[in-house]
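Working notes, beginning with the structure itself.
Please treat every number below as a calculation from the coordinates, not as lab data. Everything numeric here is computed off the predicted structure, so don't read it as measured data. Reconstructed Cβ throughout: ideal geometry from the backbone, glycine too, with neighbour counts over all protein chains shown.
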Amino acid sequence: MRSRLIRIGSFFIAGILAGTSAFFSTAQAGEILARVQSNGVLRCGVSEGIAGFSIKDGSGRWSGMDVDFCRAVAAAVLNDGEKVVFVPLFASARFPALKANRIDLLARNTTQTLGREVNIGTHFGGILYYDGQSFIVPAGSRVQRVRDLEGATICVLKESSHVAHLADYFTAHGLSYQPLIVDSITKAKEDLYAGRCQAYTSDASILASVRVEAPGGPEGFRILPDRISKEPFGPVVNRGDEQWFALVKWVLFALIEAEERGITRENVRQVLQTTTDPAQQAFLDKGGGYAKAMDINPGWVVRIVETIGNYGEMFERNLGARSGLNIDRGLNRLWNQGGLMYSPPFR
């Protein structure tokens, strides 16, 4: 009964968002780009603190996959990847902030869904990271698979897609559970570490950061092998400004294409100066034709790669072998290496 009420509440919230979005003006073509260029800064919505995606260190500097993507967009649009104001947002506040134009871009490990596009009025600018919903439990727990959580209290983040997926899975398998709805990832971690819930369900990548940050070290918790949903994360913009949507989308594609072509932070300038490959020249927009069409300065691809590297460099630095999380790339490998990362042609 409780899980059914949670589902009803989720649909009610979605309806409220769909209705209230009508009160916000629809972006006109070029409006957001012009605003960002006029302000001289990109306002980017990120999480309140998720290792590997968006987290602030003791000196106040932000890092993570989402943070790097924001800097890539700023490099393309403002010629400087540091011209970003990061706006930390709870999951429940991210879409209202976007619809009210308090941010120009949402890059907060947000799952692309039909409801979020058609009910709220957004566009997802591609997939930055492929993930799936899983569960974390104490290392000493008897639980080995999700079905072993019958009757358990499970922490889940308010107004996330995980609420509905959790209810769907347990209903479909005839299992009972007690959801403990929390407002923030910080609260979810506190409740899990304190034993107020027997498991916490979220994206597997987020659970990896929760495990690493656990008191006493990561050995105290396990992530279950099951994945109960598809969670493709992507940057989000308001519907209506097709110019801004296209620009954000092709910044992401440029990061993926750069990796496929072996263009890195270190060699991008040299490749630009020496390549005789017409396709390579087109990708780097050597003639500046694409930049002119997008109303930004020439050299945008070079600026992106010089600022944060290609997609592979960004992944390894934040989530992979060069990070504390050491997450396998899995589906986030390039399409020609067994993954799903794929960029459309640039010419």
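Distance from the alpha carbon centroid of the stretch 97-152 to that of the stretch 243-290 works out to 30 angstrom.
With Kirkwood's inverse mean 1/r over C-alpha pairs for Rh, give me the Rg to Rh ratio of the stretch 245-347, two decimals please.
On the way: Rg = 13.9 Å, Rh = 14.2 Å.
The Rg/Rh ratio comes out at 0.98.
With the helix formula -39500 (n - 2.57) applied to DSSP H stretches of n ≥ 4, the chain reaches a computed 222 nm mean residue ellipticity of -12000 deg cm²/dmol. Put in order of Cβ neighbour count within 10 Å, fewest first, the listed residues Thr274, Thr201 become Thr274, Thr201.
Only Cα pairs under 8 Å and 6+ residues apart enter the sum, and on that basis the relative contact order of the stretch 133-229 stands at 47 percent. From least to most packed, judged by other beta carbons within 10 angstrom and beginning with the fewest, His165, His123 follow the order His165, His123.
Counting only DSSP beta bridges with both residues in the chain, the antiparallel share comes to about 55 percent.
Seen against the Cα atoms of the chain and their longest principal axis, helix 2-20 is set at about 30 degrees.
Springs between alpha-carbon atoms under 10 Å, Gaussian network over the chain: tell me which of Asp203, Asp68, Asp148 tops the mean-square fluctuations. Looking only at Asp203, Asp68, Asp148, the largest GNM fluctuation is found for Asp148. Highest GNM mean-square fluctuation, the chain, Cα pairs closer than 10 Å: which of Tyr290, Tyr130, Tyr311? It is Tyr290. Just checking the listed ones, Val251, Val118, Val77: in the Gaussian network model of the chain with Cα springs under 10 Å, the one fluctuating most is Val118.
Bridging of Lys292 to lysines at a Cα separation below 29 Å is possible for Lys83, Lys99, Lys249, once same-chain residues fewer than 8 apart are set aside. Scaled against 2.2 N^0.38 Å for its residue count N, the alpha carbon radius of gyration of the chain is 1.02. Residues in the stretch 120-132 carry Karplus couplings, in order, of 8, x, 10, 10, 9, x, x, 10, 7, 7, 8, 9, x Hz; the curve used is 6.51 cos²θ - 1.76 cosθ + 1.60 with θ = phi - 60°, and Gly or Pro positions show x.
Rank these for me by crowding, Trp335, Trp62, Trp250, going from fewest to most other beta carbons within 10 Å.
Numbers: Trp335 12, Trp62 19, Trp250 22.
The fewest-first ordering by Cβ neighbours comes to Trp335, Trp62, Trp250.
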